[in-house]
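Participant: Submitted below is the structure of interest, expressed as structure tokens.
The values are calculated or read from the model by the stated rules, or taken from the named source; none is laboratory data. Because the structure is a prediction, the values reported are computed rather than measured. FYI the Cβ positions are ideal-geometry reconstructions off the backbone, even for glycines, and counts take in every protein chain you see. Ligands, DNA and RNA are excluded from the accessible area calculation, which covers all protein heavy atoms including side chains. Shrake-Rupley method; radii C 1.70, N 1.55, O 1.52, S 1.80 Å.
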Amino acid sequence: MRSIWLLLLTPAIATAAPLLRSEGAASTLDGRPAYREVHWQQEGRDGSQRWVQYLCPDGRPFARKELPATGNALARGYRLSDKRSGQAAHVQVTDGQVRIDWKESQQAPNRNVRLPLPTDAVIDTGFDAAVRSHWPALMAGAEIELPFLVPGRQRFYPVKVRRTAAVRWQGMPAQAIEVRLATWYGAVAPRLALVYADGDRRLLEFRGTSNLRDARGDYPVVTVRFAAAPSPQPIAQWQQAWAQPLVSSCSVTAR
């Protein structure tokens with residue numbers, strides 16, 4: 001089935017060759033490798049079609065995420081599948097509504113809900129686009145409040161985003177960004193610490209709770225660093241990577 005799917009999808013992206021590829025290395029609080037994120041993007045704009053692979057420390061893929069092209073980069077749907085835990089999510093945004101199909105684990109039941117899409121809503125990687133779209137205000141010291149979807153809770157939570165300091169990240173001028181809940185739901189989403197490059201406003205570092213369950217069924221706190229800017233790669237490389245079957249186990253955060 002995956003070979004057939006690849007054949008069907010290839011013509012749709014052939015005109016965009018090459019694809020942009022970037023990679024992030026995730027580590028646990030004690031500095032051990034947790035997993036790697038490999039991002040593929042059709043174009044440089046925020047709303048372009050994207051694919052993400054999550055790799056075990058030994059390089060085998062255990063999860064993948066597909067994000068369709070969209071005219072609203074802040075609030076687009078996605079499909080996530082994690083073979084290791086059985087976690088699965090399908091978020092669809094249509095006609096001012098969000099449909100969430102969520103499965104926490106292999107043994108958990110499917111949960112489905114349909115929600116109205118709030119004004120300025122942010123979903124998943126749309127947060128990255130939101131930081132760039134509000135960049136001038138953030139650099140001027142403004143605190144931005146946005147409704148952020150937590151699919152596992154099947155609702156939107158208000159979060160506040162603010163710039164905290166100008167920093168140097170691996171010798172590069174950058175900006176530190178803090179994200180925190182705007183209400184008392186502190187147990188739902190702890191504070192996130194982000195670092196963005198001054199030059200191209202790309203994400204350099206994420207520190208916070210992972211959206212993937214680890215080998216113990218927890219959502220670990222990780223630091224993900226994107227050391228290199230996206231680089232163009234031939235579609236054949238994406239096809240080869242995406243065709244790899246997902247594995248059901250790896251030492252992501254096992255102790």
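Participant: V52 fails exactly one of the following numbered conditions: (1) in a loop (DSSP other than H, G, I, E, B); (2) among the hydrophobic types (A, V, I, L, M, F, W, C); (3) modelled with pLDDT of 95 or more. What is the number of that condition?
Facilitator: (1)
Participant: Can you say whether P116 is surrounded by 14 or more Cβ atoms within 10 Å (Cβ to Cβ), without any contact (Cβ under 8 Å) to a residue 24 or more places away in the chain and either touching a Phe, Trp or Tyr at 6+ places or on another chain (Cβ under 7 Å) or of a type outside the set (K, R) (or both), as far as the supplied structure shows? Break it down stepwise before answering.
Facilitator: Details: surrounded by 14 or more Cβ atoms within 10 Å (Cβ to Cβ): no; without any contact (Cβ under 8 Å) to a residue 24 or more places away in the chain: yes; either touching a Phe, Trp or Tyr at 6+ places or on another chain (Cβ under 7 Å) or of a type outside the set (K, R) (or both): yes.
Taking the combined requirement at face value, the residue does not satisfy it.
Participant: I'd like to know if region 144-152 contains one or more residues that are open to solvent by 30 Å² or more (accessible area, probe 1.4 Å), among the acidic types (D, E) and under 26 Å from E43 (Cα atoms).
Facilitator: no
Participant: Now a separate question. Taking the condition of a type in the set (V, I, T), modelled with pLDDT of 90 or more and closer than 27 Å to S81 by Cα, does V179 pass?
Facilitator: The answer is yes for V179.
Participant: Among the candidates I144, I177, which residue alone is within 25 Å of A34 (Cβ to Cβ) and of a type outside the set (G, A, S)? So that I can check it myself, show each step before the final result.
Facilitator: Numbers: I144 fails: within 25 Å of A34 (Cβ to Cβ).
Unique residue meeting the criteria: I177.
Participant: While we're looking at this one, here's another question. For region 44-51, check the following and say yes or no: at least one residue is surrounded by 19 or more Cβ atoms within 10 Å (Cβ to Cβ) and over 20 Å from A243 (Cα atoms).
Facilitator: yes
Participant: Do we find that A63 is part of a loop (DSSP other than H, G, I, E, B) and of a type outside the set (V, I, T) in this structure?
Facilitator: When the stated conditions are applied, A63 does not pass them.
Participant: Could you run through region 83-102 and say how many residues are without any contact (Cβ under 8 Å) to a residue 60 or more places away in the chain, more than 16 Å from the chain's Cα centre (by Cα) and open to solvent by 40 Å² or more (accessible area, probe 1.4 Å)?
Facilitator: Number satisfying all stated conditions: 6.
Participant: Please indicate, with yes or no, whether at least one residue in region 123-143 is modelled with pLDDT of 95 or more, surrounded by 16 or more Cβ atoms within 10 Å (Cβ to Cβ) and closer than 23 Å to K103 by Cα.
Facilitator: Looking for residues that are modelled with pLDDT of 95 or more, surrounded by 16 or more Cβ atoms within 10 Å (Cβ to Cβ) and closer than 23 Å to K103 by Cα, one finds at least one in region 123-143, hence yes.
Participant: Take D58 and tell me if it is farther than 25 Å from R155 by Cβ and either free of Cβ contacts under 8 Å to residues at least 60 places away in the same chain or open to solvent by 20 Å² or more (accessible area, probe 1.4 Å) (or both). It would help to see each step written out before you state the result.
Facilitator: Numbers: farther than 25 Å from R155 by Cβ: yes; either free of Cβ contacts under 8 Å to residues at least 60 places away in the same chain or open to solvent by 20 Å² or more (accessible area, probe 1.4 Å) (or both): yes.
Taking the combined requirement at face value, the residue satisfies it.
This table checks each residue for (1) under 20 Å from S27 (Cα atoms); (2) within 20 Å of the chain's Cα centre (by Cα); (3) of a type in the set (V, I, T); (4) at pLDDT 95 or above.
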position	(1), (2), (3), (4)
G152	no, yes, no, no
K160	no, yes, no, no
A189	yes, yes, no, no
R202	yes, yes, no, yes
E205	yes, yes, no, yes
V224	yes, yes, yes, yes
A236	no, no, no, no
T253	yes, yes, yes, no
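Participant: How many of the residues in region 67-82 are open to solvent by less than 20 Å² (accessible area, probe 1.4 Å) and basic (K, R)?
Facilitator: Here the count works out to 1.
Participant: Also, I was wondering about something else. Please return the ranges of strands (runs of 3 or more DSSP E) entirely within region 192-255 where 2 or more residues are surrounded by 15 or more Cβ atoms within 10 Å (Cβ to Cβ).
Facilitator: Of the strands (runs of 3 or more DSSP E) lying wholly inside region 192-255, those with at least 2 residues that are surrounded by 15 or more Cβ atoms within 10 Å (Cβ to Cβ) span 192-197, 203-209, 221-225.
Participant: Now for a different question. Among the residues in region 61-81, are any touching a Cys at 6+ places or on another chain (Cβ under 7 Å), closer than 17 Å to A241 by Cβ and modelled with pLDDT of 95 or more?
Facilitator: The answer is yes; a qualifying residue exists.
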